[in-house]
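For reference, the structure is listed below as structure tokens.
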């Protein structure tokens, strides 16, 4: 019975997700498939290729993306935080960081 229920759910599932249906998007920003030569979810992507895609997108979307290095793994790979937001929020990241720091220190309230 459970198997037939799962099969029914699988058959009723919609087709592949269209990541770009909510556009428009900046055509200068590369799509992952243009760099990887396969679409999202079609194959497993290794760390090196994931990093290449994220950094390429960040390079072309500077108003919306910031990449911060904060250390490295034991293998020497960089550890990064990627901030993605509106241009207005990216422009005030330092203010946002200071606000979070004050909340963490207990000198400001939420």
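If the condition is being out of contact with any helix residue (DSSP H, G or I) (no Cβ under 8 Å at 6 or more places or on another chain) and surrounded by 11 or more Cβ atoms within 10 Å (Cβ to Cβ), then region 88-97 contributes 90, 91, 92, 93, 97. Could we say that residue 71 is at pLDDT 85 or above, exposed (fewer than 13 other Cβ atoms within 10 Å of the Cβ) and not in a loop (DSSP other than H, G, I, E, B) here? Here the answer is yes, as residue 71 does meet what is asked. Evaluation of residue 53 against the conditions (1) closer than 19 Å to residue 32 by Cα; (2) in contact with a strand residue (DSSP E or B) (Cβ under 8 Å, 6 or more places away or on another chain) shows that the sole unmet condition is (2). Any residue at all in region 46-57 that is at pLDDT below 95, closer than 26 Å to residue 91 by Cβ and either within 14 Å of the chain's Cα centre (by Cα) or not in a helix (DSSP H, G or I) (or both)? Yes - at least one qualifying residue is present in region 46-57.
Of everything listed in (1) surrounded by fewer than 11 Cβ atoms within 10 Å (Cβ to Cβ); (2) closer than 19 Å to residue 20 by Cβ; (3) at pLDDT 95 or above, the single unmet condition for residue 65 is (1).
The values are calculated or read from the model by the stated rules, or taken from the named source; none is laboratory data. A quick note: this is a predicted structure, and the numbers were derived from the prediction, not measured. When we count neighbours, we look across all protein chains shown, and the Cβ atoms used for this are built from the backbone with ideal geometry, even at glycine.
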